[in-house]
Amino acid sequence: MPGLEDLYREIILDHYRSPRNRGELPTPPAVHAQGHNPLCGDEITVYLQIDGDTITDVKVGGQGCSISQSSASMMSQAVKGKKVDDVKAVVRKFKSMMSIDDEDPTPIPEVKLGDLEALQGVVKFPVRIKCAVLAWNTLTEALAEAQ
Ligand code: ZN
C-alpha cells in the first residue's frame with residue numbers, strides 16, 4: 001500500500017511530466033502576467049480568458065523546477081471554467097496551506113483543494129514555498145490586469 005506521501009509525489013510528478021493547459025492565448029482579448037522566482041530560476045506566464053465573471057480559458061507557459069511547474073499545472077486545472085470570486089477563494093486557501101499570511105482579516109474560505117493538497121508537504125521546505133506559490137501570485141497579477 002503506497003502511503004500518502006507517495007501518492008502526493010506521484011501527483012506532483014504527473015503534473016510535471018504532463019503539464020495541463022500549456023500554451024498561450026492571444027492578448028487581447030486574453031490578459032497575461034509573468035512571474036519569476038530568482039531564488040530557483042522558475043518562470044511562469046499565465047494567460048487568462050475572462051468572459052463576464054468567469055475564467056473561460058487558461059494557458060500556462062514557463063520553465064523551472066518540478067514544484068513550480070506542477071503547481072502551475074494544478075492551478076490551471078483549478079481555475080479553468082470557474083468564477084473569478086471562487087478562484088480568489090482558492091488562492092487564499094492555497095496560500096494559507098502554504099503558511100502565507102495575506103493579512104486579510106476575513107476567515108479563510110472553506111473550499112476543497114483536491115489535487116492541490118499534494119503540495120502541502122512543500123511547507124516543510126521554506127525555500128520551496130516560493131516555487132509552489134509562484135503560479136498563484138502570477139495568477140493574482142493576471143486577475144488584477146483584467147480589472
Ligand atoms: Zn523552484
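Coordinate-derived values only; no laboratory data. Given the structure is predicted, the values throughout are model-derived calculations rather than measurements. Note that each Cβ is placed from the backbone with ideal geometry, even for glycine, and that neighbours are counted across all protein chains shown.
Details
- The set of residues from segment 63-116 being among the small types (Gly, Ala, Ser), more than 16 Å from the ligand (Cβ to nearest atom) and either touching a Cys at 6+ places or on another chain (Cβ under 9 Å) or outside any loop (DSSP other than H, G, I, E, B) (or both) comprises Ser76, Ala78, Ala89, Ser96, Gly114.
- Checking the stated criteria, Val46 turns out not to satisfy the condition of being within 25 Å of Gly23 (Cα to Cα), in a helix (DSSP H, G or I) and among the β-branched types (Val, Ile, Thr).
- Complete set of residues in segment 24-38 that are of a type outside the set (Asp, Glu), under 18 Å from Ser73 (Cβ atoms) and in contact with a Phe, Trp or Tyr (Cβ under 7 Å, 6 or more places away or on another chain): Leu25, His32
- Of all residues making up segment 51-62, the number that are hydrophobic (A, V, I, L, M, F, W, C) and either within 16 Å of the ligand (Cβ to nearest atom) or without any contact (Cβ under 8 Å) to a residue 24 or more places away in the chain (or both): 1
- Ser73 falls short on exactly one of the conditions (1) out of contact with any Pro (no Cβ under 6 Å at 6 or more places or on another chain); (2) closer than 28 Å to Glu10 by Cβ; (3) hydroxyl-bearing (Ser, Thr, Tyr), and that condition is (1).
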